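Chemist: Supplied in structure tokens, the structure appears directly below.
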Amino acid sequence: MRALLVLAGLLLLAVALAPAALGGNGGFAPVPPESPNAARIHDTWIFVSIFIVAIFVLVEVLLATFIWRYRRQRRERFEDGPQIHGATNIELMWTVAPVIVLFLIGGFVFYKLPGIAEVPSASASGEERLEVRVTGRQYYWQYEYPNGAIAIDKLRAPAGIPVRLEVTAPDEDVIHSWWIPALGGKIDAIPGITNETWFQAERPGTYDGQCAELCGLEHANMLASVEVLPATEFAAWLEERDRERASIELGEEEWQGVCAKCHGLGGEGGIAPQISGSPVLTNPQELEEIVRNGRGEMPAVGSGWSEEQMDALIAYLRETPPSGS
Ligand code: CUA
């Protein structure tokens, strides 16, 4: 019998540890951290998980043991079992042990917290720091770089340099949440409030994330990604985007990020009406009017856009008018 209990215990342990062993696979464990703040969040997750798994195994094994050991056997159905009154040692143990566990977890979290929340200062790192303004809107992310360059949904960032993000939302919008799991925790984009977060990715690559606050019909499609580029490559991209403020490239980002989520990439409709072949798409004045101010059910997705930003969308649609399937 004892062997069976031990086996059951080991089985439970294996099940509980499997996600950690898989190392983020299967969606059970967090993605590997790629930024110091994300690494600290990951450490905290592992630290807390150790206690969770240990307590889970302890409780389940005891439960199984007690069910077996104190089963009714030949006792009368409604007869009470032997009564126990007081067990000072056990009572002390189940009081002191949780206090110690909570103290350890709390201490660990407070030890890790400053490194998660505080943006590394530019002087401390001895090099420059990039500042980007992140605006969450229904249903896209807009990034504004210090030189005024704009990007939609995909944030380019240099490797090895701290990137400070000012996260907000327009007054007339709703709450969104910026979240790139490999690069840190969630931070809310709240109308009228500016929150800050940061990351510093050493390895070039694309890190995916998504709006983490239910914000409406297309919340699930409000994806975000950060493309970390080698510093020189990033500088070249930023300069290019600054020089050509109304670029086709930005227009394409706007079409895909701002328009197509509701109208379909080919303008074929889905949430919003089909617009492929619509004369509005190639009529700059009317297009601008609708995008800036909305019409009917369509919100003013482009309110506050700069003239160049609008021109980028107009230029893209002139070059590549969407053709629905
Ligand atoms: Cu924006 Cu969910």
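Chemist: If you check GLU166 against the conditions, is it assigned to a loop (DSSP other than H, G, I, E, B), among the acidic types (Asp, Glu), at negative phi and open to solvent by 20 Å² or more (accessible area, probe 1.4 Å)?
Modeler: Against the criterion (assigned to a loop (DSSP other than H, G, I, E, B), among the acidic types (Asp, Glu), at negative phi and open to solvent by 20 Å² or more (accessible area, probe 1.4 Å)), GLU166 does not qualify.
Chemist: While we're looking at this one, here's another question. Would you mention how many residues in the stretch 60-94 are under 23 Å from VAL6 (Cβ atoms) and part of a loop (DSSP other than H, G, I, E, B)?
Modeler: 3
Chemist: So, one more: Kindly indicate whether any position in the stretch 53-61 is surrounded by fewer than 14 Cβ atoms within 10 Å (Cβ to Cβ) and under 27 Å from ALA182 (Cα atoms).
Modeler: Yes, the stretch 53-61 has at least one match.
Chemist: If you go through the stretch 183-211, how many residues are within 11 Å of the ligand (Cβ to nearest atom) and either among the β-branched types (Val, Ile, Thr) or open to solvent by less than 30 Å² (accessible area, probe 1.4 Å) (or both)?
Modeler: 2
Chemist: Can I ask one more? From the list GLU289, GLU297, pick out the single residue that is open to solvent by 70 Å² or more (accessible area, probe 1.4 Å), at pLDDT 90 or above and out of contact with any Lys or Arg (no Cβ under 6 Å at 6 or more places or on another chain).
Modeler: That would be GLU289, the only listed residue that is open to solvent by 70 Å² or more (accessible area, probe 1.4 Å), at pLDDT 90 or above and out of contact with any Lys or Arg (no Cβ under 6 Å at 6 or more places or on another chain).
Chemist: Name the single residue that is surrounded by the most Cβ atoms within 10 Å (Cβ to Cβ) among those in the stretch 212-252 being of a type outside the set (Ser, Thr, Tyr) and assigned to a strand (DSSP E or B).
Modeler: Restricting to residues being of a type outside the set (Ser, Thr, Tyr) and assigned to a strand (DSSP E or B), the top hit is VAL228.
Chemist: Also, quick follow-up: Answer with yes or no whether MET222 is of a type in the set (A, V, I, L, M, F, W, C), closer than 26 Å to ALA169 by Cα and not assigned by TED's automatic domain parsing to the domain that holds TRP179.
Modeler: no
Chemist: Still on this structure, I have one more. With the condition kept exactly as written, say whether any residue in the stretch 152-159 is under 14 Å from the mean Cα position of the chain (by Cα), crowded, with 19+ Cβ neighbours inside 10 Å, within 16 Å of the ligand (Cβ to nearest atom) and closer than 23 Å to THR44 by Cβ.
Modeler: no
Chemist: Of a type in the set (Val, Ile, Thr) and out of contact with any Leu (no Cβ under 7 Å at 6 or more places or on another chain), is that true of VAL280?
Modeler: So VAL280 fails the test.
Chemist: Report the residue count in the stretch 132-149 for those that are touching a residue at least 24 places away in the same chain (Cβ under 8 Å), assigned to a strand (DSSP E or B) and either touching a strand residue (DSSP E or B) at 6+ places or on another chain (Cβ under 6 Å) or surrounded by fewer than 22 Cβ atoms within 10 Å (Cβ to Cβ) (or both).
Modeler: Here the count works out to 7.
Chemist: Looking at THR282, THR194, which is the one that is out of contact with any Phe, Trp or Tyr (no Cβ under 8 Å at 6 or more places or on another chain), closer than 22 Å to TRP305 by Cα and modelled with pLDDT under 95?
Modeler: Within the list THR282, THR194, the selection yields THR282.
Chemist: At pLDDT 90 or above, outside the structural domain of ARG164 (by TED's automatic domain parsing) and in a helix (DSSP H, G or I), is that true of VAL6?
Modeler: no
The values are calculated or read from the model by the stated rules, or taken from the named source; none is laboratory data. On a predicted model such as this, the values are computed, not experimentally measured, just so you know. Counting neighbours? That spans all protein chains shown, and the Cβs are built from the backbone with ideal geometry, glycine included. To get the accessible areas, we keep the full protein, side chains included, count just its heavy atoms, and leave off ligands, DNA and RNA. Shrake-Rupley method; radii C 1.70, N 1.55, O 1.52, S 1.80 Å.
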